[in-house]
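The values are calculated or read from the model by the stated rules, or taken from the named source; none is laboratory data. For clarity, every value in this text was computed on a predicted model and none was experimentally measured. A quick note on method: Cβ atoms are made from the backbone with ideal geometry, for glycine too, and the neighbour counts reach across all protein chains shown. Heavy atoms of the whole protein, side chains included, go into the accessibility calculation; ligands, DNA and RNA do not. Shrake-Rupley method; radii C 1.70, N 1.55, O 1.52, S 1.80 Å.
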Amino acid sequence: MKQFLEDSKIIRAARHTYNRYERFVPLLAFVGGFTWDSLTLTRIDQLPDNLILLLYLALLSVSIVLLMMHESGSELPALVNRYHQWLPNAVQFFTGGLFSNYVVFYFQSASFTKTALFLLILI
């Protein structure tokens, strides 16, 4: 089954496309995290939104630690070592998600006319 998936035309086309546009993947991951959270946020005082923030902070922390361990040459678990090339994208996604959370929550909690300049700087 594994060999079939590696030889599949779809998998080869996806790898070719990824390799061709690899330099844009971190940007797309950042924008993806920002867009996803902008569409799914409700209110800052809701427990699910706070749990999402906590989860993003935890996953971002783990991703950064694993990325630094890989770059320093430390031995990683087999599963992490196999997918280490995705760690920078995970960092970008979680950073984009946190950034969008904070911008959206700031926008919801403040008067737009008083904070428009600061909001533009954040964006």
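Here are the numbers for this structure:
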| read-out | value |
| --- | --- |
| Label-point gap, in nm, between residue 65 and residue 15 - each point 7 angstrom along Cα→Cβ | 3.2 nm |
| The chain, accessible area per residue, ligands and nucleic acids excluded (1.4 Å, Å²) | 73 Å² |
| Span-rule helices in the chain, defined as complete DSSP H runs reaching 18 Å or more along the axis (Cα) with Kyte mean at least -1.0 | 25-40, 47-72, 87-109 |
| Cut-off of 10 Å, at most 16 other beta carbons, DSSP loop: longest stretch of the chain lacking such chymotrypsin sites (Phe, Trp or Tyr not before Pro) | 22-82 |
| R0 of 25 Å, Cβ-Cβ distance residue 83-residue 50: FRET efficiency to nearest 0.05 | 0.30 |
| Percent of C-alpha pairs per 10 Å bin, the chain, short to long | 12, 30, 31, 18, 7, 1 |
| Percent carbon-and-sulfur accessible area, the chain, ignoring ligands, DNA and RNA, probe 1.4 Å | 69 percent |
| Computed [θ] at 222 nm, deg cm²/dmol, the chain (DSSP H ≥ 4; -39,500 (n - 2.57); rounded to nearest 500) | -26000 deg cm²/dmol |
| Positive dipole terminus of the chain, leading residue within 46, 65, 35 (C-beta point charges) | 35 |
| Sequence-separation-based contact order of the chain, relative, with Cα cut under 8 Å and 6+ spacing, percent | 37 percent |
